[in-house]
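Data first, discussion second: the structure below is written as structure tokens.
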Amino acid sequence: MASPPLPPTETAQATGKHPVHPVHPVHPVHPVHPVHEDSPQMEQELTTLETRLQELKDTLAAEIPTTNVVSTWTQRQLSTHARMKMSRAALLDAKLSAERVFNQKCNRCTVVEAVVRCLDCVALEMEFFCATCDMEAHKRNIFHDREALFHGFLEPIPPTTAVVLDENDQPQFCEQLCLLPLSTPAICKCSQDLRVTPGKHVSVVTINGKYEVCLPQKSCPSCSTQWNPEIGDLLRHRYWPATSSCQTLFKFDVLTTFNHMKVTAPAMSRMAFLKMLEHRAVQAGRTGSICADTFQRTFFEFAFCKFKEEDMCGVHHFDCPACSPDMLAVSCDGNRKLYRFSKSKGTEEPPLYDGLFLAKDEEVSDFVDHVRGNIRSTNESSFCGTAKFTASREMAKKSGHGFLLRGLNHFRGEIFAYPMFLQRDVAKKANVTFFCMDVTCRYWPYLKKVVQGVPELQSLTEMRPFLSVMHAKAHTAKCESDDAYVLQVRWGGRSQDGAGNTVGEEVEQVNSFLSRAGLVTKYMTKAGRVNMLTQQAMGWNRRKRVGLHQALAQRYVKTTDRAKVEAAALSNIITANHIDQETVQQWVCDVRQWAVTERVHTPGSTEDLRAEIDNLIVTLLRKKQDLYRLHDSSQVRLRKRRKMTELKGKLRQRVVQYNALVEENGIDVELACSLTDGYILPWEGQDEGNTFRLKRSVFDQSMLLQRLEEEQFILVKEMSQHIRYLLKEIQAILVN
């Protein structure tokens with residue numbers, strides 16, 4: 001029996017909206033006993049009806065407030081904005097009042113009126129100084145930013161400017177010599193007072209800009225002994241000489257800050273950084289530009305000395321602590337955006353980091369010539385079927401745990417000899433299990449051919465090929481190789497036993513960092529580009545090294561939690577489809593068998609159209625993926641979009657031709673041409689008795705669960721290797 005509807009007021013309160021009454025079918029009702037219009041029962045019913053109608057009118061006329069659900073962060077932001085809006089006028093009044101200049105007594109002598117203000121001395125409760133006290137207080141504090149009271153306004157003055165009072169007690173400016181604050185040693189045993197006088201004029205660059213100072217010169221009037229600061233004295237006080245004559249000095253904080261900013265913001269140029277320093281100097285009343293070439297050369301020398309110091313302490317920047325000596329996988333890819341303009345000439349001096357991260361061009365060229373000279377001519381293009389895949393770009397890199405291990409420059413375009421060179425170099429340092437690449441299905445057969453003519457590369461085939469997980473989605477169901485038709489399941493990372501949760505796309509993370517550096521390095525000289533990219537690569541690895549222990553621990557926790565979720569998901573699939581574990585194992589074997597089954601395509605048949613449709617879809621998927629990843633020019637992207645439109649038109653024609661040949665199980669034209677995610681072509685779903693879609697979902701879920709369970713053991717091993725690596729570094733430091 002249905003419950004009676006709520007009254008209008010109760011319904012409005014319960015739903016938060018205007019009441020809506022259900023509409024019931026109306027049937028004629030015949031009273032058993034007739035009711036007279038003047039009877040009390042009729043009057044009571046009319047009164048009740050009028051009351052109900054009035055309640056309905058009141059409810060409809062009432063404005064029911066709506067409650068907007070906002071997040072806690074939004075509430076905080078709205079509250080902060082409201083408070084700042086209320087206090088904006090008061091802040092403006094306070095700022096204008098703070099700019100008011102009034103007479104103050106000197107905080108040092110407390111007698112004479114102050115003419116200089118120093119905000120750096122506020123901590124000593126000495127903000128205002130007279131002319132005499134200002135000279136005494138800032139004789140050694142030359143890096144303090146001062147302001148002088150002149151014509152009723154505070155003007156910033158450099159340390160080389162002193163304030164003196166004329167005969168009318170009016171402040172005037174005059175020049176003075178500033179000594180670089182250095183501790184002077186004892187130079188003789190004479191009892192007379194030693195004299196410290198201004199010596200050589202030098203320029204000092206700090207994080208606040210450029211200063212013109214003099215080096216201190218200490219002399220003894222009795223024995224004529226004289227002392228001048230040497231390079232060691234300057235380095236002890238954290239001043240780095242820009243030249244051997246020490247004409248320009250850079251404070252350590254400038255160089256370390258630039259190094260940090262090149263890792264945090266790789267696209268920032270040296271010119272932008274120096275403009276910032278010059279602006280800070282102008283704001284403090286100082287002038288003078290900083291030579292960009294001198295600064296870059298000084299920075300590279302400073303960074304190289306720091307690298308040599310760390311190398312003597314046993315710090316290896318291009319080794320992964322969690323992958324030594326056993327490395328699970330390395331990933332190889334390239335970056336087209338790290339090119340260099342040929343017009344950027346420069347000197348022919350070798351780079352400081354020659355061969356450290358980027359391989360020497362001569363060694364790479366010799367290796368390529370050696371490989372090509374010992375094999376027969378073959379198609380070395382990085383194609384997957386008829387779909388073109390860019391296997392290598394202007395610079396290739398290899399990475400494990402996000403660490404940069406090795407790289408090289410490209411000069412001959414897309415050839416497989418470049419990743420082979422990197423694979424050989426990494427194989428010399430560690431025991432690598434998997435070699436990840438976006439076109440492994442084409443590279444690995446080529447490697448086997450090369451090994452026949454170059455036997456010394458036989459050890460490279462001991463690695464297992466690994467197709468990057470994301471790139472595997474853009475490959476055809478069967479990628480054409482020289483041995484047989486190899487399925488994506490065979491090359492993909494998710495189906496590789498022992499691979500764990502390896503993605504194979506680690507270089508893409510690095511590319512997002514180094515691609516920004518290409519905005520600057522393309523204008524550099526050859527040596528400067530190598531030095532800068534190597535320095536940034538070391539900075540990237542240093543940042544990865546510092547957070548490696550946390551990354552491994554967090555990944556273990558996330559992997560454990562996700563393994564439980566995926567195990568439950570697999571159990572739900574098994575329960576929903578009424579299958580047992582034996583059936584699951586059988587389906588996994590069926591998919592693997594399908595992966596290695598060879599099929600012969602007859603020209604002009606439906607199989608031929610299937611292969612062409614497959615390749616067109618792969619080409620479109622890859623072009624769509626690389627549209628913004630590889631191309632930074634809007635004009636280039638426009639040409640790529642036009643090409644994609646042409647390919648979609650061709651794909652539509654082939655789909656229509658295929659549907660005309662087959663009687664049933666045709667292709668959905670719109671889903672196929674719009675590249676809908678998850679759409680499976682009809683021939684991918686043909687299976688004996690069981691749909692291939694269900695088998696593949698069971699296979700994918702089973703493989704994912706196995707990889708997550710393997711990842712737990714892999715992470716425990718990597719954490720153990722990380723601890724042993726750190727203990728080895730500590731022992732090396734203690735021995736030295």
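Points worth noting:
- Peptides ranked, highest mean first, by Cβ atoms within 10 Å: ranges 576-588, 213-225: 213-225, 576-588
- Local electrostatic count at F102 - Lys and Arg +1, Asp and Glu -1, tallied over other residues with Cβ under 15 Å: -1
- Rounded to the nearest Hz, the phi-derived 3J(HN,Hα) couplings of region 439-448 under the Karplus curve 6.51 cos²θ - 1.76 cosθ + 1.60 (θ = phi - 60°) are 10, 4, 5, 9, 6, 5, x, 5, 4, 5, where x marks glycine and proline.
- Among 710-717, 99-106, the order from most to least packed when residues are scored by Cβ within 10 Å on average: 710-717, 99-106
- Taking θ as phi - 60° and the Karplus parameters 6.51, -1.76 and 1.60, the scalar couplings of region 247-255 work out to 6, 10, 10, 10, 5, 4, 5, 5, 5 Hz in sequence order, x denoting glycine and proline.
- With both labels modelled 7 Å from their Cα along Cα-to-Cβ, the R639 to S222 distance reads 8.3 nm.
- For region 133-223: lysine pairs under 23 Å (alpha-carbon distance), excluding those fewer than 8 apart on one chain: 6
- Cα shape, region 189-299, gyration tensor, a/c 1.5 rule: prolate
- Cα-based reach from K95 at 19 Å (exclusive), listing lysines while leaving out same-chain residues under 8 positions away: K85
- H201 paired with R724, simple spin-label distance in nm, labels 7 Å along Cα-to-beta-carbon: 6.3 nm
- The listed residues K251, K428, K262 rank as K428, K251, K262 when sorted by accessible area, largest first, using a 1.4 Å probe.
- nm² value of the averaged projected area, convex hull over the Cα atoms of region 501-590: 9.6 nm²
- For the peptides 662-671, 719-728, the ranking by packing is 719-728, 662-671, with the highest mean count of neighbouring Cβ atoms within 10 Å listed first.
- Of K337/K558; K558/K695; K337/K728; K564/K717, pairs whose Cα-Cα distance is over 30 Å: K337/K558; K337/K728
- Partner lysines for K449 [C-alpha distance under 30 Å; skip if fewer than 8 residues away on the same chain]: K360, K388, K397, K398, K428, K429, K473, K478, K623
- Cα-based shape type of region 119-176, given that a ≥ b ≥ c are square roots of the gyration tensor eigenvalues and the cut on a/c is 1.5: prolate
- Distances between placed amide hydrogens fall under 5 Å for F150 paired with E155, all partners being 5 or more residues away or on another chain.
- Given their separation in residues at 0.36 nm each and the Cα-Cα distance between them, F411 and T110 gain 101.0 nm when the chain is fully extended.
- In order through region 294-308: 3J(HN,Hα) via Karplus (6.51 cos²θ - 1.76 cosθ + 1.60), integer Hz, x for Gly, Pro: 5, 5, 5, 4, 5, 4, 5, 5, 5, 5, 5, 5, 5, 5, 5
- Model label zone, Y523; criterion: amide N under 17 Å from point 7 Å along Cα-to-beta-carbon; scope region 270-305: 270-278, 290-297
- Modelled spin labels at R297 and H81, positioned 7 Å past Cα toward Cβ, are 5.3 nm from each other.
- Region 242-312 shape via C-alpha gyration tensor axes, a/c threshold 1.5: oblate
- Distant-in-sequence amide contacts of I207, defined by a placed amide H-H separation under 5 Å and a gap of 5 or more residues or a different chain, comprise V254.
The values are calculated or read from the model by the stated rules, or taken from the named source; none is laboratory data. All figures in this text were calculated on a predicted structure; none of them were measured in a lab. Using ideal geometry, Cβ is built from the backbone for each residue, glycine included, and neighbour counts are taken over all protein chains shown. To get the accessible areas, we keep the full protein, side chains included, count just its heavy atoms, and leave off ligands, DNA and RNA. Shrake-Rupley method; radii C 1.70, N 1.55, O 1.52, S 1.80 Å.
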